[in-house]
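Student: Got a structure for you, written out below as structure tokens; questions coming shortly.
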Amino acid sequence: MKKMNKLLLSEEGIFPVTKDIEGNLLDTNPETGFSFSGTIQGEGKLAGVPSLFIRLAKCNLRCIWKLPDGKICQCDTSSIFKVGKNKQIRIEEAIKIIKQNLGSIKHIVITGGEPLLQNKPLALLTEALKSETGAHLTLETNGTLFDENVARNIDLFSISPKLKNSKNDDRKRLNIEVLQSFIDFANKFNKEIQFKFVIASISEEYEIKNDYLAHLRNFKISDIMIMPLGATVNELEQTSIIAFEMAVKNGWRFSPRLQINLFNNKSGV
């Protein structure tokens, strides 16, 4: 039971924050450089919405993409693999820190890594967040795992299925049954859902349609989002027009990556 009451967070942990668990001001400003807690959601349907983030450690995939110029684009959340930097935190402690830093913020984003690798403590965390803060909860996931106990507390499922360019084993990255479970749950319980496909080539349009969408039922075209590959401003310059073209051609939505536009590849923003 003790283990279930603890989460393993990445180096960024709960961010960006300015107060500790007791409400005392921290010695330094967060990575945003501002003297207040919170940032904006940079991607998807809620891009631009003031938010607080919780980044969980560990992932069941290892993404290494190739850009149009042939260079490698590493995962932009590599901190989740820094074992010596990860930290365990009790759920009640996490709740206290979040409540000290929420202020007027109404949205909390749970991200990773892959948060559902910690499904049991995550279910306890999301239930407590809902009952004690009433905040809107987004779960960012790669769509390979599903847990109903977590799902019932989530308002927006933000799913980023990985394409072949991520260099993951097909058996690990592509799970149609899990993706359909998210869709069915969202439809049944009136939850929001979005599928963010990270792309670097116009040829990936075929892959999205035939490997994913052709096998899924009861999703809305407005739930399909195309997001350019890149962890820096310069990398986004190579892929943004490609993503724009693909989105417009198919009636899908283009997702920005505002956090990169504003802060380049800085973490914790």
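Student: How far apart, in nm, are the 7 Å Cα→Cβ label points at Asp27 and Asn265?
Tutor: 2.9
Student: To continue, here is another question. Counting other Cβ atoms within 10 Å of each Cβ, which GluC sites (Glu not before Pro) in the range 1-64 have at most 13 and sit in a DSSP loop?
Tutor: For GluC sites (Glu not before Pro) across the range 1-64 that sit outside H, G, I, E and B with at most 13 neighbouring Cβ atoms in 10 Å, the list reads Glu22.
Student: Suppose each label sits 7 Å from its Cα in the direction of the beta carbon; what would the Ile176-Arg217 distance come out to in nanometres?
Tutor: Computed distance between label sites Ile176 and Arg217 equals 1.2 nm.
Student: Now a separate question. Strictly greater than 17 Å: what percent of every Cα pair in the range 160-199 meets that?
Tutor: Roughly 37 percent, rounded to a whole number.
Student: What value, in deg cm²/dmol to 500, does the helix sum -39500 (n - 2.57) over DSSP H runs of n ≥ 4 give at 222 nm once divided by the residues of the chain?
Tutor: -8000 deg cm²/dmol
Student: Next up: Among Asn142, Leu125, Asn101, which residue has its Cα positioned farthest towards the positive end of the charge dipole of the range 91-150, with +1 placed on the Cβ of Lys and Arg, -1 on the Cβ of Asp and Glu, and the dipole taken about the Cα centre?
Tutor: Checked the options; the winner is Asn101.
Student: While we're looking at this one, here's another question. Straight-line reach only, C-alpha to C-alpha below 18 angstrom: list the lysines that Lys249 could link to, leaving out same-chain residues fewer than 8 apart.
Tutor: Answer for Lys249, where 18 Å is the Cα cut-off: Lys196, Lys209, Lys220, listed by chain and number.
Student: Where a Cα-Cα gap under 18 Å defines reach, which aspartates and glutamates qualify for Lys87, not counting those fewer than 8 residues away within the same chain?
Tutor: List returned: Glu11, Glu12, Asp20, Glu114.
Student: Quick one: putting +1 on the C-beta of Lys and Arg, -1 on the C-beta of Asp and Glu, what dipole do you get for the range 92-208 around its Cα centre, in Debye to the nearest 20?
Tutor: The dipole magnitude comes to about 140 debye.
Student: Is the shape of the chain best called rounded, prolate or oblate, per the rule: a/c under 1.5 gives rounded, else a/b larger than b/c gives prolate, else oblate, with a ≥ b ≥ c the square roots of the Cα gyration tensor eigenvalues?
Tutor: prolate
Student: How many percent of DSSP beta bridges within the range 3-263 run antiparallel, rounded to 5?
Tutor: Bridges in the range 3-263 that DSSP calls antiparallel: roughly 35 percent.
Student: Find which of Asn86, Leu67, Pro256 sits farthest along the positive direction of the dipole of the range 3-263, computed with +1 on the beta-carbon of Lys and Arg, -1 on that of Asp and Glu, about the Cα centre.
Tutor: Asn86
Student: If you don't mind, there's one more thing I want to ask. Return the whole-Å distance between the Cα centroid of the range 209-269 and the Cα centroid of the range 1-73.
Tutor: 20
Student: Just how large is the dipole of the chain about the Cα centre, in debye to the nearest 20, putting +1 at every Lys and Arg Cβ and -1 at every Asp and Glu Cβ?
Tutor: 480
FYI, it's all coordinate maths here, none of it is from the lab. If you're wondering where the values come from, they're calculated on a predicted model, not measured in any experiment. As a convention, Cβ positions derive from the backbone with ideal geometry for all residues, glycine included, and neighbour counts pool all protein chains shown.
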